[in-house]
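The values are calculated or read from the model by the stated rules, or taken from the named source; none is laboratory data. Just so you know, these numbers come straight off a predicted model, no measurement behind them. For neighbour counting, all protein chains shown are included, and Cβ atoms are generated from backbone atoms with ideal geometry for every residue, glycine included.
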């Protein structure tokens with residue numbers, strides 16, 4: 001198989017693993033479908049916005065939980081926002097952790113919240129690595145003169 | 001009928017042209033989530049709608065107050081800081097801005113949906129929206145325009161029949 005073919009094969013397998021392992025869901029597919037000639041970098045742009053949002057919200061959550069008296073409503077509002085943006089881009093693991101996070105917030109369980117914060121940070125870091133690898137693969141395919149295969 | 005009254009009645013029916021739907025539909029999209037606003041904007045543009053975006057309900061309200069005839073439809077997130085979707089609906093009602101509003105949210109509790117409809121939203125949609133849903137959003141505008149025309153015809157009829165009770169008082 002030529003270089004382009006090999007890279008495309010890698011891309012298809014890697015994308016399939018992201019879905020299989022629950023990193024992304026159908027909404028991520030929708031994002032890819034929206035990418036076209038008029039918006040060739042659409043996915044990267046939206047995902048970049050998402051990562052910025054993630055970092056900001058995770059920091060806000062951490063700050064809120066460091067207070068002497070924790071305002072769980074504040075924490076919950078940050079989690080709710082993160083749940084929204086993660087579902088917008090199809091970041092399934094992050095979204096699911098946010099669902100659990102909201103439950104412990106409602107119960108005002110600080111230990112539970114700290115665990116969830118750790119988990120959501122972990123999910124975000126993992127996803128960031130995975131998607132950066134995917135985007136790098138795309139760049140390599142394009143640089144080798146190939147086209148990005150559509151993964152159904 | 002005095003020309004002033006005629007203008008008020010036909011105001012929201014201006015620029016109504018069935019052949020033009022749905023391309024060129026002027027949509028005001030409101031969401032404090034920059035990720036979702038980008039996705040929504042792209043989907044709306046792919047439907048050939050004209051899109052204006054706002055990340056705050058207050059900004060959207062200012063645009064609507066400035067000239068409600070600039071927009072055919074508002075599509076707004078529900079949970080936003082400062083002013084949320086409920087408050088936007090309330091303010092639009094207060095200010096007599098009768099542009100149809102579609103509310104969208106990740107939250108899908110029955111009470112929340114009911115509250116949206118009771119406050120005047122013409123539809124509630126769960127986020128993230130599917131492309132198929134966006135394609136048919138223009139039906140709300142179409143229905144509203146039709147309703148407008150019917151009301152306008154009824155009023156004209158009343159005047160012709162010498163019944164002034166249907167006329168809006170200025």
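The set of residues in region A:91-108 being surrounded by fewer than 24 Cβ atoms within 10 Å (Cβ to Cβ) and within 14 Å of chain B (Cβ to nearest Cβ) consists of A:92, A:95, A:96, A:99, A:102, A:106. Restricting to region B:126-142, give me the number of residues that are within 17 Å of residue A:29 (Cβ to Cβ) and not in a helix (DSSP H, G or I). Matching residues across region B:126-142 total 4.
For region A:52-60, the count of residues that are surrounded by 16 or more Cβ atoms within 10 Å (Cβ to Cβ), within 12 Å of chain B (Cβ to nearest Cβ) and under 25 Å from residue A:137 (Cα atoms) is nonzero. The residues of region B:26-38 that are farther than 13 Å from residue B:81 by Cβ and either touching a helix residue (DSSP H, G or I) at 6+ places or on another chain (Cβ under 6 Å) or in a strand (DSSP E or B) (or both), listed by number, are B:26, B:27, B:28, B:29, B:34, B:35, B:36, B:38.
Conditions tested, residue by residue: (1) more than 13 Å from the chain's Cα centre (by Cα); (2) part of a helix (DSSP H, G or I); (3) modelled with pLDDT of 95 or more; (4) more than 23 Å from residue A:114 (Cα to Cα).
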{"residue": "A:5", "(1), (2), (3), (4)": "yes, yes, no, yes"}
{"residue": "A:43", "(1), (2), (3), (4)": "no, yes, yes, yes"}
{"residue": "A:46", "(1), (2), (3), (4)": "no, yes, yes, yes"}
{"residue": "A:51", "(1), (2), (3), (4)": "no, yes, yes, no"}
{"residue": "A:56", "(1), (2), (3), (4)": "yes, yes, yes, no"}
{"residue": "A:59", "(1), (2), (3), (4)": "yes, yes, yes, no"}
{"residue": "A:62", "(1), (2), (3), (4)": "yes, yes, yes, no"}
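Pairing residues of region A:17-44 that are on the phi < 0 side of the Ramachandran plot and at the interface with chain B (Cβ under 8 Å from one of its Cβ atoms) with residues that are exposed (fewer than 15 other Cβ atoms within 10 Å of the Cβ) and part of a loop (DSSP other than H, G, I, E, B), at Cβ distances under 8 Å and at least 6 apart in sequence or on separate chains, gives A:30/B:130. Does region A:21-28 include one or more residues that are under 21 Å from residue A:142 (Cα atoms) and either at pLDDT 95 or above or buried (at least 16 other Cβ atoms within 10 Å of the Cβ) (or both)? Checked against the condition, which is being under 21 Å from residue A:142 (Cα atoms) and either at pLDDT 95 or above or buried (at least 16 other Cβ atoms within 10 Å of the Cβ) (or both), region A:21-28 yields at least one hit. When B:106, B:74 are checked against the criterion of being within 12 Å of chain A (Cβ to nearest Cβ), touching a strand residue (DSSP E or B) at 6+ places or on another chain (Cβ under 9 Å) and at negative phi, a single residue qualifies: B:106.
Residue check: is residue A:88 under 15 Å from the mean Cα position of the chain (by Cα) and either outside any helix (DSSP H, G or I) or within 14 Å of chain B (Cβ to nearest Cβ) (or both)? When the stated conditions are applied, residue A:88 passes them.
Within region B:109-125, the only residue that satisfies the criterion of being touching a strand residue (DSSP E or B) at 6+ places or on another chain (Cβ under 9 Å), within 14 Å of chain A (Cβ to nearest Cβ) and not in a helix (DSSP H, G or I) is B:125. Note on region B:75-108: residues that are under 24 Å from residue B:146 (Cα atoms) and part of a loop (DSSP other than H, G, I, E, B) amount to 6.
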